[in-house]
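The values are calculated or read from the model by the stated rules, or taken from the named source; none is laboratory data. A quick note: this is a predicted structure, and the numbers were derived from the prediction, not measured. Counting neighbours? That spans all protein chains shown, and the Cβs are built from the backbone with ideal geometry, glycine included.
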Amino acid sequence: MHLPPVGLGTMGIDDPDTIATALSLGYRHLDTARIYGNEAVVGDGLAASDADREAVTLATKLWIDDLGAADVGPTARESADLLGVETIDLLYVHRPRGAYDPAETLPALDRLVDDGLVEGVGVSNFEPDQLDRAIDVLDAPLAAHQTELHPLFYRPKLLDHAREHGYTVVAYAPLAGGRVSEIDPVVDVAEAHDATPEAVAIAWATAKEPVVAIPKASSEGHLRANLAAADLDLTPEETAAIDAVDREEELFPE
């Protein structure tokens with residue numbers, strides 16, 4: 001599944017106008033989730049936009065209570081209704097917890113692909129062994145793995161796994177919860193490029209194959225800046241300096 005370098009993370013967005021504005025600026029990847037409680041907001045924003053529906057990748061996630069074999073189908077259909085679409089482009093297992101059982105959950109997702117309700121299947125917050133198990137069980141190819149990725153929390157082994165198996169890594173929280181402006185190597189690179197630390201953090205993430213990023217933004221200015229950040233080219237030395245940040249802080253642990 002082809003995903004643009006920068007998409008929109010929508011957690012906490014409660015105004016359809018924000019979604020419509022993002023689409024008018026050129027965003028073509030919208031990411032939401034059942035647990036966010038805003039699938040209808042995202043759907044209303046998409047409906048109000050002039051963007052070609054076929055050009056927009058719409059992603060949502062099943063929460064841990066929705067992962068039983070009997071719950072996957074009805075919950076996904078409810079999500080599609082809330083989003084106002086016939087097909088969910090990318091449907092994730094949000095976390096491998098709760099009712100998640102790969103032998104039951106993943107075949108239920110395969111059936112949704114067969115039925116045409118879902119185009120691609122993804123997983124989120126998985127470890128390499130869990131990714132291996134998902135790839136083994138799924139008939140559909142694994143389209144994406146969504147994981148926390150930013151200068152304070154970077155796990156190269158997950159990128160290596162994605163390269164080996166040919167799926168996309170979708171980086172959430174790429175701005176480290178707004179803390180990238182406190183990271184000296186990021187600030188130094190930003191000053192060298194006359195850019196913001198936020199732009200550098202996005203550029204750093206999206207330069208790593210096969211990573212795309214989904215920063216959240218609400219204002220038009222931040223939406224524009226995040227989208228443009230993928231065009232910022234960092235030198236190998238600058239990338240290495242950020243890679244070497246000696247602090248690990250996971251914002252969304254299990």
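Odds and ends about this structure:
- Inter-residue pairs, beta-carbon under 8 Å, first surrounded by 16 or more Cβ atoms within 10 Å (Cβ to Cβ) and in the range 210-228, second part of a helix (DSSP H, G or I) and of a type in the set (Asp, Glu), 6+ apart: PRO215/GLU198; ALA225/GLU198; ASN226/GLU198
- Residues being touching a residue at least 40 places away in the same chain (Cβ under 8 Å) and of a type in the set (A, V, I, L, M) - total across the range 2-52: 11
- The helices (runs of 4 or more DSSP H) found entirely in the range 140-206 that carry 2 or more residues being basic (Lys, Arg), modelled with pLDDT of 95 or more and surrounded by fewer than 21 Cβ atoms within 10 Å (Cβ to Cβ) are 156-165.
- Of the criteria (1) surrounded by 22 or more Cβ atoms within 10 Å (Cβ to Cβ); (2) more than 17 Å from the chain's Cα centre (by Cα); (3) within 27 Å of THR32 (Cβ to Cβ), which one GLU249 fails: (1)
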